[in-house]
1. How much net charge surrounds B:Gly415 when only other residues with a Cβ under 13 Å from its Cβ are counted (Lys, Arg +1; Asp, Glu -1)?
2. In whole Hz, with x marking every Gly and Pro, tabulate ³J(HN,Hα) for region A:432-442 from phi via Karplus 6.51 cos²θ - 1.76 cosθ + 1.60, θ = phi - 60°.
3. Quick one: what are the phi-derived ³J(HN,Hα) couplings along region A:253-263, Karplus 6.51/-1.76/1.60 with θ = phi - 60°, whole Hz, x for glycine and proline?
4. Other chains' Cβ within 10 Å of B:439-447 residues: what's the mean?
5. Mind listing the long-range amide H neighbours of A:Gly415? Cut-off is under 5 Å, sequence gap 5 or more, other chains count too, H placed in the peptide plane at 1.01 Å from N.
6. Determine by what factor the alpha-carbon radius of gyration of region B:74-133 differs from 2.2 N^0.38 Å, reporting the quotient.
7. Put the label 7 Å from Cα along Cα→Cβ for B:Pro165; what are its distances to the other copies, in nanometres, shortest first?
8. Tell me which trypsin sites (Lys or Arg not before Pro) from region A:69-175 have a DSSP coil assignment and no more than 11 other beta carbons within 10 Å of their own.
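The values are calculated or read from the model by the stated rules, or taken from the named source; none is laboratory data. Not measured: the values here are computed from a predicted model. All Cβ positions, even for glycine, are placed from backbone atoms using ideal geometry, and neighbour counts span all protein chains on display. Note: accessible area is taken over every heavy atom of the protein model, side chains too, but ligands, DNA and RNA are not part of it. Shrake-Rupley method; radii C 1.70, N 1.55, O 1.52, S 1.80 Å.
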2 protein chains.
Amino acid sequence: MGVMSFRDSMFLLAESREHPTHVGSLLLFDRPEDAGPDFLSDLHRRLVSDRTVAPLFARRAVRTVGTLGQWAWEPDEDLDLEYHVRLSALPRPGRIRELLELVSRLHGTLLDRHRPLWEFHLIEGVEGDRFAAYFKFHHAMMDGVTGARHLQKTLSTDPEDLDTPPFWQVDPRSRKKKPSTEVATRETGVLERVGSAVTESARTVASAVADTVRTTNSALGVAPVLANAFYEGLAHRDTALPFEAPHSMLNVPITGARRFAAESWPIKRIQRVRERTGSTVNDIVLAMCSGALRRYMLELDELPDRSLVAALPVSLGTTGSGNQLGAILVTLATDEPDPGVRLERIKASTKAAKGNLDQRDPMAVAALSLAVAAPLPLGTVPGLSSVINPGFNLIISNVPGPKDPLYWVGAKLSGLYPVSIPLDGQALNMTVFSYADNMEFGLTGDRRAVPRLQKLLTYLEESLVELEDVADAADG
Amino acid sequence: MGVMSFRDSMFLLAESREHPTHVGSLLLFDRPEDAGPDFLSDLHRRLVSDRTVAPLFARRAVRTVGTLGQWAWEPDEDLDLEYHVRLSALPRPGRIRELLELVSRLHGTLLDRHRPLWEFHLIEGVEGDRFAAYFKFHHAMMDGVTGARHLQKTLSTDPEDLDTPPFWQVDPRSRKKKPSTEVATRETGVLERVGSAVTESARTVASAVADTVRTTNSALGVAPVLANAFYEGLAHRDTALPFEAPHSMLNVPITGARRFAAESWPIKRIQRVRERTGSTVNDIVLAMCSGALRRYMLELDELPDRSLVAALPVSLGTTGSGNQLGAILVTLATDEPDPGVRLERIKASTKAAKGNLDQRDPMAVAALSLAVAAPLPLGTVPGLSSVINPGFNLIISNVPGPKDPLYWVGAKLSGLYPVSIPLDGQALNMTVFSYADNMEFGLTGDRRAVPRLQKLLTYLEESLVELEDVADAADG
């Protein structure tokens, strides 16, 4: 039995029925050409009959007198694979709409803490001769990026390769199975490594905070310590928090129910705009989100006068226990009607934020990083979220993924969408994942605070078309 | 905004992620003969497009500074009917097995406390040209018996009657729609009225307990008061708790996941045994449960030496706010291998329990009734359940239902199964509901503590066959 790291246990301590701290992935597959009507139920039966489970997926979280009240991991001696690996179906007509509805529901329920903290759902009945899979795991077990990378590792670039064990049979840290793909280049994503000086100092501060917190023995005891760290960050806002985030409809308490929407855009379209405007792919993704959010909020008569501020997770480097996440803040220029000017302001903002990262006050970096990478304790300690203005309106993550098409049990993965965590005061999360020829957008929102979330997909497309016009004009 | 009764708010106070305090019903329908493939999705669309919702189903639970920390009801001004009324589907081949699997999962998730505390799921893809519906509501809103009665009221005995509004459009207390059926006679169920002297004294004690508890302001504060009432009950166990319930595999802490199993038996078969053995229907139901539990526990090598003790809810009369539930304790004679002797011991036990009810110490009656009708606070206050031996091993409810076949939107209700609440220390609940020509058994168990719950259905049948042999011998 091993005591859990403070960072991981925070996700369990701070979790409540309105704030599950699990993340997920939605995978869309083409059925193999020779698949019969019972392909999926046969696959399900085969999966649950093989009792191989890697240690990470076979351990559960416990907190007992024996662990002095600390969360710890122990093997689940009585693992019930049929509980974790489930077969579901869409009602007719099985459109993407019905799929998103089901995934919204599945993502809104809590994981059972008496068991290893993951679920895998096979979903049949997706129109167009497809099936889907939804994978859900607790953030205390793995962060979202590590989870997505691990999932990739268990897929194959070869359609004929049927030796593709399900992810729970493979240890994420093992090298047994050669990774079948490489992650995309740094250029396509913001999750790049930044100066190691910052990494070290940030880690020192974080570990000091952790040591203090470890001496307290209750979930509520966490509050003042983290709040102090956070207020420290606010005191240094000239360097760490350069923008004043307006209050918006996204920054409200949330409920337990979710809305999830997802769609793919060809990377080619984004690359074309990027080249002609001298931007990065990340700038274009942010500009798409900005234009869509502006339109969405205008329609609801909820657009703030000042621009929305987004927090972007960045990697502070990799350690044994996974990615150390930090964050930068960028303006989305949502107060600007002209899409060309908006893009320029976003470009300037991301450039400045990355350039300044090395010179920042390490305490402020740690505070912001805590708020983004482990934001739940701040958000869910009663009363705290209504007091604190977190300095940003939403988190937009841009995660580089595999460049080549992937296959599982001979079925082609046609889409791979991230499903993330909305927070109290952060009712919408936009996560973008690159896969093969597409950028896959996953929008996870609170069901009540973010009505008609699906519309954002339409507005993302309209926003990209606007940017294409800007690119054409720049080129012409 | 109305402050909630203490009794109702207890179910909210005591609820945790492992102990949802909602109950449910599973309804199985034959599709109307002229129904096309889109019958159910059309029905779903029609249901969510009519925004009529009766007040009881449109209010949500709140606890704020304004209510001084007490739970209260307030109308949900922003009711999202599509959240409450859902369309789902079974994976192929859509057997009862897949249906029970889905209902087990749906029953294991918590209701969203930001919304009215109910969900209704239409389920397509049930083999044999059928569809199903699963209705889930919080015990703080309605008790299980009231819920089942209300559901009935919205169905029709006339297959041609298409004017059958869904239950959430009808107020359970209104007389607008004439009840289309009458409940079965007293003889078929244990939910009969008992002496009003007991009712009054029990109610006085319960209300004294409630008054004391009302002065405390936290979930934990409830513990010592109820525990005292309970220990009082134990002190009078010579009258109130005549049996010494053995510790058994059913009396362990539970997890958040559920197993649900259900099946129907013809009332005729049970009536025949009843007549030939001079028993009540209730005795035969108990004897079936007893024989099944004995076989199940023998197979797992978990049968206690002493007999299991069951608690049977009985009605102490009807008040404005619904049924006042009490309970009697009966031995199941599971230590007896001979089914005939087992039945005789059960008969003697139920007869004595009912006969003694009037002479009981009212404090002991109140304590037992609290433990059965509102058992959660005792079970879920941390640490308490492992200290207290509740005096019984499981709750078996036998609820009289409608005698005539019922229809909804022209579809015949072919089965109606209760889905109940397992508790810490009470890992299995057996509830039996009479409907038309059948006794409908619904078994709700903790997924971990009660493995292979489905087997109990087989053993119930074997147990009834044994009793039929006893009846034939008695007759011959």
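1. Taking every Cβ under 13 Å from that of B:Gly415, the sum is -2.
2. 10, 10, 8, 8, 6, 9, 10, 9, 9, 8, x
3. x, 10, 10, x, 9, 10, 10, 10, 9, 8, 7
4. Working: counts 0, 0, 0, 0, 0, 0, 0, 1, 6.
Going residue by residue through B:439-447 and averaging, the value is 1.
5. A:Leu28
6. For region B:74-133, the normalised Cα radius of gyration is 1.31.
7. 5.9
8. Filter output for region A:69-175: A:Arg175.
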